[in-house]
Every structure is written in structure tokens, then in C-alpha cells.
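**Q** Take this structure first; my questions come after.
The values are calculated or read from the model by the stated rules, or taken from the named source; none is laboratory data. Since this is a predicted model, take the numbers as computed values, not measurements. Cβ: placed from backbone, ideal geometry, glycine included. Neighbour counts: every protein chain shown.
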């Protein structure tokens with residue numbers, strides 16, 4: 001009887017263990033099935049194409065469109081000074097008048113010499129006319145024998161001598177007139193005028209100052225600049241330089257002039273990059289009718305450069321980096337496609353790529369490590 005009870009207990013224990021094991025196996029199978037059929041819900045972002053215009057902001061410097069250092073061309077004393085630093089002048093306006101008494105004396109002396117040479121020419125021409133009349137009268141008489149051959153020869157040689165005298169007198173007169181023109185030109189240099197419309201930015205002379213008109217060591221009197229047009233210099237780095245060309249739109253801003261923008265266009269480029277900095281010197285001409293911009297001012301230039309190659313923007317959190325390089329996971333028909341991309345620029349929260357994706361593709365953000373090619377995924381609701 002005791003043996004029968006023990007056997008019953010053993011049978012009940014085995015049956016209970018078998019039932020528990022079966023239940024555990026069923027749970028494992030159910031879990032594996034759920035994992036097999038589980039479709040993760042993942043966040044995605046849409047790939048966007050970069051605009052066709054790249055906005056690049058760079059520091060630059062303003063410069064005068066035209067500037068000139070004005071030197072003395074005549075030697076003398078400053079008799080009158082009409083302008084000072086900051087004065088606006090017009091082209092042809094008198095800046096300085098020089099007193100040049102020595103030059104005035106030379107002009108007077110050479111004018112008198114010119115008068116003498118004109119009188120000498122008139123005398124030579126009169127002698128030539130007389131010699132011509134004498135020869136015209138004696139020539140038929142020589143032929144008929146009424147006048148000796150010797151007298152005819154004297155008449156001919158006299159005529160030739162007076163012709164030479166006239167030529168010499170004309171040459172002397174021409175040389176003297178040329179010398180006088182040079183002296184008068186030097187006298188005009190005593191009236192120093194503005195070469196263009198602008199503003200006086202530097203003055204080095206005053207009334208009574210002695211200035212030298214030597215070509216090599218002439219006196220530096222004024223510096224003036226054209227202010228109605230300002231030139232801006234900016235050095236564009238290599239990654240943007242290939243899109244820079246004349247007529248590219250630009251906007252210049254000066255920190256000390258808040259709220260003021262100066263629109264312009266790229267006027268000229270150096271067409272050769274600096275070997276040390278790999279930058280391209282670019283110039284922008286800006287109208288400056290009110291004189292708000294000055295030469296030598298620090299400014300910021302926004303260049304709107306046309307993009308040379310297409311570029312796409314992808315969130316940085318969608319990037320996968322492994323032994324296969326840079327990749328992204330794209331959702332296509334409910335499955336993940338792993339695509340290799342090439343990054344052209346890292347913008348921090350976003351990157352620019354030019355291969356592997358196209359505008360409108362949905363890339364998975366923060367893709368899980370278990371994600372592989374062909375994995376089923378679903379897009380999480382925002």
C-alpha cells in the first residue's frame with residue numbers, strides 16, 4: 001500500500017514537470033515568433049536638395065575705387081591753397097597755385113628771343129625775294145651776253161645762300177617755339193588741379209611751402225580718393241572660389257552701420273589663387289553716393305555663389321560609420337536599404353552628400369545596431 005502511494009506521487013511529479021516544461025517551450029516559441037515578426041518603428045527624415053545658390057559670408061576690406069598721390073611738377077612756392085583734408089573737389093578744380101618767378105622770367109626772355117627770330121626770318125625772306133628778283137632780271141641778259149657769266153653765277157649763288165638762310169631762320173624759329181611751349185606747359189603745372197571727383201585725404205603743404213618739381217624727388221602735396229564708388233576686397237576660400245565669377249550678387253554689411261546693407265556685384269576676380277592661403281582675391285564695386293562707406297573699413301561680405309555641383313542635405317544622426325565607410329539606411333517599401341554615401345561637407349547637425357541618395361528619400365535616424373539590409377521597418381508617427 002505504501003509502495004502504491006509512492007508510485008502515485010512519482011507519477012504526479014513527472015506529469016507536473018512535463019507540463020511545466022511544455023508550457024516553457026511554448027513561451028519560448030511564442031517569443032521567437034514575436035521577435036521574428038516584430039517590425040521596429042523608427043524615426044525618419046526626408047533628404048532635401050540644397051538650393052542652387054550658396055550663401056557665403058566672409059570678412060573684407062573697403063578701398064577707394066581710385067586714389068592718387070599728387071606731386072609737384074613745377075618748382076616754386078605755394079602762393080594759394082584752396083583745399084584741406086576732407087574737402088570734396090571736382091575734376092579740374094584748382095587745388096594749389098604756385099608762385100614761379102624764375103619760370104616767368106624764362107618765359108619772358110624766350111618770348112623776346114622768339115620775336116627776334118621772327119624778325120630774322122622776315123629779313124631772310126626779304127633778302128631771298130630781292131635775290132630772286134635780281135636773278136629773274138639778270139637771267140635773260142646773261143643769255144644775250146649783256147651781263148657776264150660771272151655776274152649770273154653770283155646771282156644764282158646769292159639766291160641759294162638766301163634760301164639756306166631762310167631755312168635756318170625757320171628752323172631756329174620752330175626750335176624756339178617748341179622751347180616756349182615747354183616752358184608754358186611747365187607754367188601750367190604751377191596750377192595744380194584735381195584729376196577726378198573725390199575727397200582730399202592727406203595734405204602735406206601749406207602757403208609759403210617750397211615744392212620741388214623734380215621727376216624723381218618731386219614734393220608729395222596731396223592724396224585724394226574717389227568716394228562715390230567704393231571697391232571691396234575679399235579673399236574667397238577654395239571650396240567656394242570655383243563658383244565665383246563677375247556679376248555674382250553680393251551684399252556688404254558694416255558692423256558700425258547696423259541695419260544698413262550695400263548691395264553690389266562681383267566686378268573682377270584675380271583668376272589665380274594665393275598659393276599660401278588657397279584663396280581667390282575678389283573685388284566688388286559699390287555705389288556710394290552719400291559717402292557712407294569709407295576706405296579701409298572692415299566689413300562682412302555675403303556672396304551668393306551659384307552651386308557648381310548638386311548637393312543633398314542629410315541629418316548627421318542618420319549616418320552609419322563602419323568598415324564599409326559612410327552609409328545611411330533608406331526606407332523603401334517597408335524595408336531598410338543600406339546605401340553608401342559620400343560626404344562633401346560637415347555642417348555639424350547636418351552633412352552634405354552628393355551620391356547614394358536622392359531628394360525625397362527617407363533616411364532612418366539613429367538606426368539600431370541590429371538593422372541590416374532588407375530589415376522590415378515602419379515609420380514612427382511624429
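**Q** Just to be sure before I move on: is residue 218 assigned by TED's automatic domain parsing to the domain that holds residue 270, over 18 Å from residue 62 (Cα atoms) and buried (at least 16 other Cβ atoms within 10 Å of the Cβ) in the structure I sent?
**A** Considered against the rule, which asks whether it is assigned by TED's automatic domain parsing to the domain that holds residue 270, over 18 Å from residue 62 (Cα atoms) and buried (at least 16 other Cβ atoms within 10 Å of the Cβ), residue 218 comes out as no.
**Q** While we're looking at this one, here's another question. Out of 308, 376, 340, report the one residue that is out of contact with any helix residue (DSSP H, G or I) (no Cβ under 7 Å at 6 or more places or on another chain), surrounded by fewer than 15 Cβ atoms within 10 Å (Cβ to Cβ) and free of Cβ contacts under 8 Å to residues at least 24 places away in the same chain.
**A** None of the others qualify; the one that does is 340.
**Q** Within region 148-168, does at least one residue satisfy the condition of being outside any helix (DSSP H, G or I), more than 43 Å from the chain's Cα centre (by Cα) and more than 30 Å from residue 83 (Cα to Cα)?
**A** For region 148-168, residues outside any helix (DSSP H, G or I), more than 43 Å from the chain's Cα centre (by Cα) and more than 30 Å from residue 83 (Cα to Cα): present.
**Q** Keeping to region 253-268, report how many residues are outside any loop (DSSP other than H, G, I, E, B) and more than 19 Å from residue 289 (Cβ to Cβ).
**A** 2
**Q** Please enumerate the residues belonging to region 44-65 that are under 14 Å from the mean Cα position of the chain (by Cα) and either surrounded by 13 or more Cβ atoms within 10 Å (Cβ to Cβ) or not in a strand (DSSP E or B) (or both).
**A** 58, 60, 61, 62, 63, 64, 65
**Q** To continue, here is another question. I'm trying to understand the selection: among the residues of region 343-365, which are at positive phi and either crowded, with 19+ Cβ neighbours inside 10 Å or in contact with a strand residue (DSSP E or B) (Cβ under 8 Å, 6 or more places away or on another chain) (or both)?
**A** Those that are at positive phi and either crowded, with 19+ Cβ neighbours inside 10 Å or in contact with a strand residue (DSSP E or B) (Cβ under 8 Å, 6 or more places away or on another chain) (or both): 356, 360.
**Q** In region 315-337, which residue that is assigned to a strand (DSSP E or B) and in contact (Cβ under 8 Å) with a residue 60 or more places away in the chain is nearest to residue 369 (Cα to Cα)?
**A** Per the criteria, the residue is 331.
**Q** Which condition breaks for residue 271 when tested against (1) in contact with a strand residue (DSSP E or B) (Cβ under 6 Å, 6 or more places away or on another chain); (2) assigned to a strand (DSSP E or B); (3) not assigned by TED's automatic domain parsing to the domain that holds residue 347?
**A** For residue 271, the failing item is (1).
This table checks each residue for (1) touching a residue at least 24 places away in the same chain (Cβ under 8 Å); (2) in a helix (DSSP H, G or I); (3) within 23 Å of residue 212 (Cβ to Cβ); (4) in the same structural domain as residue 175 (by TED's automatic domain parsing).
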residue: 84; (1), (2), (3), (4): yes, no, yes, no
residue: 96; (1), (2), (3), (4): yes, no, yes, no
residue: 105; (1), (2), (3), (4): no, yes, yes, yes
residue: 109; (1), (2), (3), (4): no, yes, yes, yes
residue: 119; (1), (2), (3), (4): no, yes, no, yes
residue: 126; (1), (2), (3), (4): no, yes, no, yes
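**Q** Which of the following residues is surrounded by 16 or more Cβ atoms within 10 Å (Cβ to Cβ) and touching a residue at least 24 places away in the same chain (Cβ under 8 Å): 210, 173?
**A** 173
**Q** Conditions first: (1) within 12 Å of residue 47 (Cβ to Cβ); (2) assigned to a strand (DSSP E or B). Residue 357 passes all but one, so which condition is the exception?
**A** Unmet for residue 357, out of (1) within 12 Å of residue 47 (Cβ to Cβ); (2) assigned to a strand (DSSP E or B): (2).
**Q** Check region 243-252 and report whether any residue there is touching a residue at least 12 places away in the same chain (Cβ under 8 Å), in a loop (DSSP other than H, G, I, E, B), under 30 Å from residue 99 (Cα atoms) and in contact with a strand residue (DSSP E or B) (Cβ under 9 Å, 6 or more places away or on another chain).
**A** The answer is no; no qualifying residue exists.
**Q** Here are 234, 156: which of them is within 30 Å of residue 272 (Cβ to Cβ), touching a residue at least 12 places away in the same chain (Cβ under 8 Å) and surrounded by 12 or more Cβ atoms within 10 Å (Cβ to Cβ)?
**A** Checking each option against the conditions leaves just 234.
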